[in-house]
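The structure appears below as structure tokens.
Just so you know, all these numbers are worked out from the coordinates, no wet-lab data involved. Quantities reported herein were computed from a predicted structural model and do not represent experimental measurements. Cβ atoms come from the backbone with ideal geometry, glycine included; neighbour counts cover every protein chain shown.
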Amino acid sequence: MHGDLHKRLFNFAVRVFKYLPNLPITPEFKIIRYQLAKCSSSSGANYEESQAGSSRADFNNKVRISLREMRESNYWLRIIKATLTKAKINEELEYLINESAELKKILGSIVTKTRTANK
């Protein structure tokens, strides 16, 4: 499962980066592009780091950061959907919103399981 999660997080970030140039060229969307690029790639990067954690606490911390970054990714994607005209909302945006929601659930489950395993 973890191999699949690595791939999904990586592919999610790549698809976000490929989607970003489609956004309008406005000051507001410039901010969204920057924020979404950071958090979408940070989620996978932190999960990668968690795999080499020096301790269980380090692992847990990195996965929690990964979850936080995916929550932020989902937030920005929903902002995009809420602010674009219906004509500009496409299948790729819908996919990214759904995938980020699923990744949030998976990462949240890992956080919950590692938290209860530590008690």
query: Which net charge results when you count Lys and Arg as +1 and Asp and Glu as -1 among the other residues whose beta-carbon is under 13 Å from that of Ala57?
result: +3
query: Do the sum for the chain: with -39,500 (n - 2.57) for every DSSP H run of n ≥ 4, divided by all residues, what is the mean residue ellipticity at 222 nm, to the nearest 500 deg cm²/dmol?
result: -29000 deg cm²/dmol
query: Quick one, which of (1) 14, 45, 27, 12, 2, 0; (2) 13, 47, 34, 6, 0; (3) 12, 40, 35, 11, 2 is the actual P(r) over Cα pairs in 10 Å bins from 0, in percent calculated for this model?
result: (1)
- request: Quick one: compute the contact order of the chain, relative version, from alpha carbon pairs under 8 angstrom and 6+ residues apart, as a percent.
  value: 26
- request: Filter the cross-link list Lys7/Lys81; Lys30/Lys62; Lys38/Lys88; Lys7/Lys104; Lys7/Lys30 down to pairs whose alpha-carbon distance in this structure exceeds 20 Å.
  value: Lys7/Lys81; Lys30/Lys62; Lys38/Lys88; Lys7/Lys30
message: Report the gain in length on full extension from Arg78 to Thr116: 0.36 nm times residue separation, minus Cα-Cα distance, nm rounded to one decimal.
response: 10.6 nm
